[in-house]
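Visitor: The structure is given below, and queries will be raised subsequently.
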Amino acid sequence: MRTAAVVHLDRLRHNLELVRDEYAAPGAEIFAVLKGDAYGCGISNVYPVFRDFGIKKYAVAIWEEGRDLRAAGAEDEEIIILGDTCPWQYAELFEYRLIPTVFSTDTARALSRMAEERGETLNVSIKVDTGMSRIGFPAGQEAADAAVEISKLPGLKIHGMFTHFACADEDPSPSMDRQLKLFLDTAGLIRKRGVEIPLLHTANSPATLLHQKTHLDAIRPGDILYGLNPVDNDLWRSMGFQEVITWETYVAHVKTVPAGTSVGYGATFTTDRDTVIATIPVGFADGYRRHLSNKGCVYIKGCKAPIIGRVCMDQFMVDASGVPGVKPCDRVELLGEHFGILDMADMLDLNVDEVVTGISKRVPRVTAD
């Protein structure tokens, strides 16, 4: 195999146990978040771990991810779509028994009509905007009015209500406190009008770790399940989570060149001594960032090999002079024990999620246990 992203299922189980045993408030259910194709791991790869762990609630970003989760074997589990669903996709909600997020009464009415036509009942989730200014009914009276109206629409059943925090990674977080109060006040307005919302949930990954008061009926961990850091780096390193994805390839070619030899497109690197160059058969078409040119590194046989020259679409070169006996077919660590996802994110000034979801589809995902 030219290259592979390895999904370590034992690490996923470890992270799940850590969330359940150390962070989740008593009684709070776990919504396993699988957006971004399970943060680059592949939904079909990770679902069996969640199933065996007893997870019954899932959150995805788009209906296609819900379909993929059903295809992976999820039968009776609840699957919420956190984002928008277009009108021409409504039929898929019924086919795959998905729970759409509703943030427009027009949408709710349209779904109600379709449910009546089909003779079915559709669960819906209400989104309240408490400060992200993204999707959601404005918190307060407008959201309460909408929830009451939706509760009366035939063919619809309110599954739950949620919001999303903007600054839950801060501790303390006055912004998050304001958002939580707005959400709970809105839920109170709805309750006073005789409508019960079965499931209230607000806690994303950082809130799961830092703010147990936000856990309510359920938590929505995403990043942390996959070992991806949503909080302060030093704090994160003390928490014991493990990165689930590693990425590897092999050495395609080795040559020794003299001082003064240019390397790669644009001749952006020139050797200043005799240099052993190893060519790596991965590039930016695989999601290996071009910004790592003359900056990043890989590890070969546990030895650091700096990238020299520009990362190409399908290949890049490293200085392997410090790797004893380097030869073609030696294993290359792109992300792993020596240089992890957090290291690459820090080097490139990226979010950790960008690193893993940026690994392209042409890189096979393989599982290890």
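Visitor: Among the residues of the range 294-304, is any surrounded by fewer than 22 Cβ atoms within 10 Å (Cβ to Cβ) and within 25 Å of the chain's Cα centre (by Cα)?
Guide: Yes, the conditions are met somewhere in the range 294-304.
Visitor: Which residue is nearest to the chain's Cα centre (by Cα), if the candidates are limited to the range 272-293 and must be more than 24 Å from Cys329 (Cβ to Cβ) and in a loop (DSSP other than H, G, I, E, B)? So that I can check it myself, show each step before the final result.
Guide: Taking the range 272-293 as the starting set, the residues that turn out to be more than 24 Å from Cys329 (Cβ to Cβ) are 272-273, 289-291, 293.
From what is left, the residues that are in a loop (DSSP other than H, G, I, E, B) are 272-273, 289, 293.
Values: Asp272: 42, Arg273: 43, Arg289: 18, Ser293: 26 Å.
Per the criteria, the residue is Arg289.
Visitor: Another question, then. Using the structure shown, decide if Ile307 is touching a Gly at 6+ places or on another chain (Cβ under 8 Å), surrounded by 14 or more Cβ atoms within 10 Å (Cβ to Cβ) and farther than 30 Å from Asp10 by Cβ.
Guide: Yes: the conditions hold for Ile307.
Visitor: Answer yes or no as to whether Lys127 is assigned by TED's automatic domain parsing to the domain that holds Thr208, touching a strand residue (DSSP E or B) at 6+ places or on another chain (Cβ under 9 Å), buried (at least 18 other Cβ atoms within 10 Å of the Cβ) and of a type in the set (Lys, Arg). Can you show your working first?
Guide: On the way: assigned by TED's automatic domain parsing to the domain that holds Thr208: yes; touching a strand residue (DSSP E or B) at 6+ places or on another chain (Cβ under 9 Å): yes; buried (at least 18 other Cβ atoms within 10 Å of the Cβ): yes; of a type in the set (Lys, Arg): yes.
Against the criterion (assigned by TED's automatic domain parsing to the domain that holds Thr208, touching a strand residue (DSSP E or B) at 6+ places or on another chain (Cβ under 9 Å), buried (at least 18 other Cβ atoms within 10 Å of the Cβ) and of a type in the set (Lys, Arg)), Lys127 qualifies.
Visitor: Could I ask something else about it? Is there a residue in the range 161-171 that is more than 17 Å from the chain's Cα centre (by Cα), polar (S, T, N, Q) and in a helix (DSSP H, G or I)?
Guide: There is no residue in the range 161-171 that is more than 17 Å from the chain's Cα centre (by Cα), polar (S, T, N, Q) and in a helix (DSSP H, G or I).
Visitor: Let me ask something else about it. Consider only pairs whose beta carbons are under 7 Å apart and that are at least six residues apart or on different chains; among these, list those whose first residue lies in the range 285-312 and is in the same structural domain as His338 (by TED's automatic domain parsing) and modelled with pLDDT under 95 and whose second residue is aliphatic (A, V, I, L, M) and surrounded by 22 or more Cβ atoms within 10 Å (Cβ to Cβ).
Guide: As it stands, the answer is none, since no pair meets every condition given.
Visitor: Does Thr121 qualify as being polar (S, T, N, Q) and buried (at least 16 other Cβ atoms within 10 Å of the Cβ)?
Guide: When the stated conditions are applied, Thr121 does not pass them.
Visitor: Still on this model: Ala187 passes all but one of (1) in a helix (DSSP H, G or I); (2) without any contact (Cβ under 8 Å) to a residue 24 or more places away in the chain; (3) under 19 Å from Lys157 (Cα atoms); which number fails?
Guide: (2) is the only condition that Ala187 fails.
Visitor: Taking the range 133-177 as the region of interest, how many residues are closer than 13 Å to Phe103 by Cα, surrounded by fewer than 17 Cβ atoms within 10 Å (Cβ to Cβ) and small (Gly, Ala, Ser)?
Guide: 1
Visitor: Closer than 30 Å to Lys213 by Cα and touching a strand residue (DSSP E or B) at 6+ places or on another chain (Cβ under 8 Å): is that true of Glu77 in this structure?
Guide: On the way: closer than 30 Å to Lys213 by Cα: yes; touching a strand residue (DSSP E or B) at 6+ places or on another chain (Cβ under 8 Å): yes.
The answer is yes for Glu77.
Visitor: May I ask you to say which residue of Asp84, Asp10, Asp37 is at positive phi and in contact (Cβ under 8 Å) with a residue 40 or more places away in the chain?
Guide: On inspection, the qualifying residue turns out to be Asp37.
Visitor: Can I ask one more? Does Asp319 satisfy the criteria of being acidic (Asp, Glu), modelled with pLDDT of 95 or more and farther than 30 Å from Arg11 by Cα?
Guide: yes
Visitor: While we're on this one: Looking only at residues in the range 310-324 that are within 19 Å of Ala267 (Cβ to Cβ) and crowded, with 20+ Cβ neighbours inside 10 Å, which one is farthest from the chain's Cα centre (by Cα)?
Guide: Taking the candidates together, the pick is Asp319.
Visitor: List every residue pair whose Cβ atoms lie under 8 Å apart, where the two residues are 6 or more positions apart in sequence or sit on different chains, the first residue falls within the range 229-255 and is under 14 Å from Leu342 (Cβ atoms), and the second residue, located anywhere, is polar (S, T, N, Q).
Guide: Qualifying pairs under 8 Å: Pro230/Asn204; Pro230/Ser205; Trp236/Asn229; Phe241/Asn15; Phe241/Asn229; Gln242/Asn15; Val244/Asn15; Trp247/Thr3.
The values are calculated or read from the model by the stated rules, or taken from the named source; none is laboratory data. It should be emphasised that the depicted structure is a prediction, and the values quoted were computed from it without experimental measurement. Don't worry about glycine lacking a Cβ; one is built from the backbone with ideal geometry, like all the others, and counts go over all protein chains shown.
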